[in-house]
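Reviewing the structure listed below.
The values are calculated or read from the model by the stated rules, or taken from the named source; none is laboratory data. Owing to the predicted nature of the structure, the values given are computational and were not obtained by experimental measurement. Quick reminder, even Gly has a Cβ in these numbers, built from the backbone with ideal geometry, and neighbours come from all protein chains shown.
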Amino acid sequence: MSFVYPYLFWILVIPFLLFAFLISTNKEQLSRIFDEKVLKRLSAADESMPLMVRNVLMFTAIFLMIIAMARPVVERGDKTVEIKGLTLLVGLDISGSMRSKDQYPNRLEFAKKKVLSLFEVMPSDEIAVLAFAYSPFVVAPFSSDKETLAQIVEGVDDSYINMGSTDFLALGELASSLLEKKKPKIMVLFSDGGDEDAIAGFSELLKANEIDLYVVLVGTTQGAPVLDESGKPYTLIDGTLAITQRNDALGEVAKANSGAYVVATSGKEDIANLVSVIRSKYKNQQQGKVKIKDRTEMFYYPLAGGIFLLLIALSSMPRRRKR
């Protein structure tokens, strides 16, 4: 048998032994330190039980509780556990076009709701989130804690939006680094797409790193004006409004990289269908194996014994009446 927290045992047991010794051998000295009522309670003197017996029970109970706090266990060696589920890297588009309001209340907020829907239908899978535009960055590391991930995603607001053009090559390089040790390598992008010039070379980079791409496209083909930070429409040099439309070219890249794409709708069927495609392909492949300590917990035995002895020590035993 061993202790999980041996340091806690020694930290508590040394002052306990000293305290027990002082109470047992030097009551007069203790009276100068402690209030008489407190000392009387600690000593628990009662004619119904001999003082020595009561103190022995009290100290034994405390000692057993210290042992329980140190968490005694019986070691049975290491055990290998297989972790089920998929590992996904989710990318959220924060380029300037995501301010457009052809989907309520705007493309960014609409895309965030879709990301949260993905979390709901993949509760046990490991997911990381990054934001991408001109320079991609990690918003949340890989985690199965969907509540925390949801809070982080909800915190991505208009202030994150970058008006620079989207650098898909930088996105691909970051994704390759984050997914390097994952198998299979899956990336899901929530974006309004990208033109052919912006995504040039992106497909080849994904293929070289064996990353399967899935895309959720937001926005409409009719498009909407591009808005600045103050909500005013951008105008081109010739004075016309800058209009941004959903571009399905990114969806074609997904199809070319062993993936698929869906166009986001107001319901939840789009995400459910995409996840169904992902699960049917990988069939919940294992994330990997981890080694854990195989232990049998023993703390409840000294804890139960300590509580039992403490109850006896603090109770009043019935006395025989002398005739």
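Kindly list the number of the only condition in (1) assigned to a strand (DSSP E or B); (2) under 22 Å from residue 263 (Cα atoms) that fails for residue 73.
Condition not satisfied by residue 73: (2).
With the condition kept exactly as written, say whether any residue in segment 242-250 is among the polar types (S, T, N, Q), more than 17 Å from residue 107 (Cβ to Cβ) and at pLDDT below 95.
There is no residue in segment 242-250 that is among the polar types (S, T, N, Q), more than 17 Å from residue 107 (Cβ to Cβ) and at pLDDT below 95.
Search segment 277-323 for residues being part of a helix (DSSP H, G or I) and over 30 Å from residue 51 (Cα atoms), and hand back the single one that is modelled with the lowest pLDDT.
Taking the candidates together, the pick is 282.
Only one residue in 186, 237 is part of a loop (DSSP other than H, G, I, E, B), out of contact with any Gly (no Cβ under 7 Å at 6 or more places or on another chain), more than 18 Å from residue 97 (Cβ to Cβ) and in the same structural domain as residue 106 (by TED's automatic domain parsing). Which one?
Exactly one residue qualifies, and that residue is 237.
Can you spot a residue in segment 84-102 that is of a type in the set (Val, Ile, Thr) and not in a loop (DSSP other than H, G, I, E, B)?
Yes: one or more hits.
Residue by residue through segment 59-107, note down the ones that are of a type in the set (Phe, Trp, Tyr) and touching an Asp or Glu at 6+ places or on another chain (Cβ under 9 Å).
None; the set is empty.
List the residue pairs whose Cβ atoms are under 9 Å apart, where the first residue sits in segment 299-315 and is within 21 Å of residue 5 (Cβ to Cβ) and in the same structural domain as residue 53 (by TED's automatic domain parsing), the second is basic (Lys, Arg) and outside any helix (DSSP H, G or I), and the two are 6 or more positions apart or on different chains.
Close Cβ pairs satisfying both conditions: 299/71.
Could you please give the count of residues in segment 220-241 that are modelled with pLDDT of 90 or more and surrounded by 13 or more Cβ atoms within 10 Å (Cβ to Cβ)?
Number of matching residues: 7.
Determine whether residue 121 is farther than 30 Å from residue 6 by Cβ and either crowded, with 20+ Cβ neighbours inside 10 Å or out of contact with any strand residue (DSSP E or B) (no Cβ under 7 Å at 6 or more places or on another chain) (or both).
Taking the combined requirement at face value, the residue satisfies it.
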